[in-house]
1. Quick one: in the stretch 47-65, of everything that is in contact (Cβ under 8 Å) with a residue 24 or more places away in the chain and not in a loop (DSSP other than H, G, I, E, B), which residue is farthest from residue 99 (Cα to Cα)?
2. Among the residues of the stretch 95-106, which ones are exposed (fewer than 10 other Cβ atoms within 10 Å of the Cβ) and either within 17 Å of residue 56 (Cα to Cα) or not acidic (Asp, Glu) (or both)?
3. Considering only the stretch 57-72, state which residues are surrounded by fewer than 16 Cβ atoms within 10 Å (Cβ to Cβ) and more than 23 Å from residue 106 (Cα to Cα).
4. Name the residues in the stretch 73-94 that are in a loop (DSSP other than H, G, I, E, B) and touching a strand residue (DSSP E or B) at 6+ places or on another chain (Cβ under 9 Å), would you?
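Each reported figure results from applying straightforward, stated rules to the coordinates on display, with no laboratory input. Since this is a predicted model, take the numbers as computed values, not measurements. Note that each Cβ is placed from the backbone with ideal geometry, even for glycine, and that neighbours are counted across all protein chains shown.
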Amino acid sequence: MGMTHVRAFVLSDFAIGEPRSAFSPSTSFSCLNYAMSATSTQTLAPATLATTDRCDRCGAQAYVLAELPGGSQLLFCGHHWGTHQAALRPKSVNIVDELHRLNDAP
């Protein structure tokens, strides 16, 4: 007896609302992603600082990131940023200030 080849179908083989020719084999998007992108709404970019980012002085959650000219980054909680802000602001290349998140409602 000869061997019968069976091809398994995957979700990306079936396009929702589009002919198969709309998808090339090199496309990394599945039809599920395609279908969702047509109906999804744009979301805001996530905050730059994560809840795991910690103040370099005390270990509390960081809400300010100060980037220095050499590429070093310093993280501060609200309290320690208030203490060191006057000295660091003129020396910093970039400052990410997310202190507004302290007062944002969940």
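1. 65
2. 100, 103, 105, 106
3. 58, 67, 68, 69, 70, 71, 72
4. Scanning the stretch 73-94 gives 77, 89, 91, 92, 93.
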